[in-house]
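Asks: The structure under discussion is supplied below as structure tokens; questions concerning it will follow.
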Amino acid sequence: MFWVDETGQHGLVAAIEDQAFTKWRPDGTYATNAKGDEVYAGNMNTSIIISVHSAKDDFGDHAALVCANYNFDSFGDWYLPSKEELNLMWQNKETINTTAIANGGSAFTNAYYWSSTEYDDQLAWIQFFFNGNQFENPKYGDNWDRAVRAF
């Protein structure tokens, strides 16, 4: 757990390890309209991305599918974080790293991580876990994936 809302009842949990080094889009370019960028939007974005890819018979590994297929500690409701959820992960990177390592996982790599937030038909948002910068990146590029789940 790395973030709790103001009610203290709900929040976000990060996976204890990176899931994969993948593309946001494995093949070709098209818009998915997974534009949600706020907290809790990643779950819907992930569903939208998977649905659009499936409708186009695009079943290759991609960031959203890899995170949705993650299963840890009997939880199977993981997803690719939205732009803001990923930023909260960056802000709480040291806490996540300490907890992950204590539970047999690994620290974040000082590299680029995908968000589920699409910028346009060719680009999606990423975050650099060295300095926290966020920017658009071509969907066909390879970056790290770290799943998140809400409670």
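Bear in mind that the values in this text are calculations on the coordinates, not laboratory data. For clarity, every value in this text was computed on a predicted model and none was experimentally measured. Cβ coordinates were reconstructed from backbone atoms using ideal geometry, including for glycine residues, and neighbour counts include every protein chain displayed.
Asks: Hey, quick one: spin label on A111, modelled 7 Å out along Cα-Cβ, who in the range 118-151 has an amide N within reach, i.e. under 19 Å?
Replies: 124-148
Asks: Name the residue from Q91, G42, G60 whose Cα lies farthest towards the positive end of the charge dipole of the range 41-105, charges +1 on Cβ of Lys and Arg and -1 on Cβ of Asp and Glu.
Replies: Q91
Asks: Taking the Cβ of C67 as the center, what net charge do the other residues with Cβ under 9 Å away carry, scoring Lys and Arg +1 and Asp and Glu -1?
Replies: Values: positive: R146; negative: D145.
Once all neighbours under 9 Å are counted, the net charge is 0.
Asks: Could you derive backbone 3J(HN,Hα) for the range 115-128 from the dihedral phi with the Karplus parameters 6.51, -1.76 and 1.60 (θ = phi - 60°), listing whole Hz in sequence and x where the residue is Gly or Pro?
Replies: Coupling constants for the range 115-128: 9, 8, 8, 7, 8, 7, 5, 10, 10, 9, 7, 10, 10, 8 Hz.
Asks: Taking all pairs of distinct Cα atoms, average 1/r, flip it, and tell me the Kirkwood hydrodynamic radius of the range 51-150 in Å to one decimal place. Mind dumping the intermediate values first?
Replies: Working: mean 1/r = 0.0705 Å⁻¹.
One decimal place: 14.2 Å for the Kirkwood radius.
Asks: How big is the Kirkwood radius of the range 1-98, worked out from every pair of different alpha carbons and given in Å to one decimal? Numbers along the way, then the final one.
Replies: Details: mean 1/r = 0.0700 Å⁻¹.
One decimal place: 14.3 Å for the Kirkwood radius.
Asks: Could you work out how far apart the two model spin labels at F135 and F72 are, taking each label as a point 7 Å from the Cα in the direction of the beta carbon, and quote it in nm?
Replies: For the pair F135/F72, the computed spacing is 2.9 nm.
Asks: For T117, list long-range residues whose amide hydrogen, built 1.01 Å from N in the peptide plane, is under 5 Å from its own amide hydrogen.
Replies: For T117, whose amide H was placed from the backbone, the distant partners under 5 Å are K83, W125.
Asks: Now for a different question. May I ask for the net charge around L123, where only other residues with Cβ less than 13 Å from the Cβ of L123 are counted and Lys, Arg are +1 while Asp, Glu are -1?
Replies: Combined, the nearby Lys, Arg, Asp and Glu give +1.
Asks: Quick one: dipole size for the range 1-147, taken about the Cα centre, charges +1 on Lys/Arg Cβ and -1 on Asp/Glu Cβ, in debye to the nearest 20.
Replies: Numbers: 8 positive and 21 negative charges, 35 e Å.
Rounded to the nearest 20 debye, it is 160 debye.
Asks: Next question, about the same structure. Could you calculate the contour length gain from D58 to D121, that is, 0.36 nm times the residue separation minus the distance between their Cα atoms, to one decimal place in nm? Please report the intermediate quantities before stating the final value.
Replies: Working: separation 63, 0.36 × 63 = 22.68 nm, distance 1.53 nm.
Net length gain for the segment: 21.2 nm.
Asks: With r as the distance between the Cβ atoms of F21 and T95 and R0 = 22 Å, compute the FRET efficiency 1/(1 + (r/R0)^6) and round to 0.05.
Replies: Details: r = 23 Å, r/R0 = 1.07.
Efficiency, rounded to the nearest 0.05: 0.40.
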